[in-house]
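Comments concern the structure below.
The values are calculated or read from the model by the stated rules, or taken from the named source; none is laboratory data. It should be emphasised that the depicted structure is a prediction, and the values quoted were computed from it without experimental measurement. Heads up, the Cβs are rebuilt from the backbone with ideal geometry, glycines too, and the neighbour counts pull from every protein chain shown.
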Amino acid sequence: MIPFALVVIVFSAVNRDLVTLDLWPLPNEITVPVFTMVLAVFIFGFLFGGIVAWVSAGTQRRKARNALWRAETAERELRSIKNTLHDRERELRNVKDSIDSDDKNLLTAPSKG
């Protein structure tokens with residue numbers, strides 16, 4: 001920023017001649033230094049370019065928001081599926097443990113006969 005500021009300061013010091021602007025269709029005229037007009041045009045161009053860039057990037061921002069929403073939804077669904085899977089695995093282990101203990105009970109139970 002310092003080199004840019006130096007260029008602006010030197011430009012302003014060198015271009016102090018006055019320019020008369022006719023604001024047609026208004027009956028007014030404005031007299032301003034040349035550097036003021038040039039800097040005003042540059043500032044206007046910078047702001048206009050920023051607005052155009054922001055508006056044109058709107059579709060990309062919308063696509064990014066949609067992709068983020070879809071990713072978050074997929075992550076929530078994946079967590080839900082993982083939780084369901086862990087619950088089913090726990091139930092399966094419980095059933096297997098129950099079957100194993102029933103088999104052990106049958107093997108160790110005295111036979112009546």
Return yes when R88 is among the charged types (D, E, K, R) and either assigned by TED's automatic domain parsing to the domain that holds A5 or under 22 Å from the mean Cα position of the chain (by Cα) (or both) and no when it is not.
-> no
Would segment 36-49 turn up any residue that is assigned by TED's automatic domain parsing to the domain that holds L6, touching a residue at least 12 places away in the same chain (Cβ under 8 Å) and not β-branched (V, I, T)?
-> yes
Would you check if there is a residue in segment 78-98 being farther than 30 Å from F4 by Cβ, part of a loop (DSSP other than H, G, I, E, B) and polar (S, T, N, Q)?
-> no
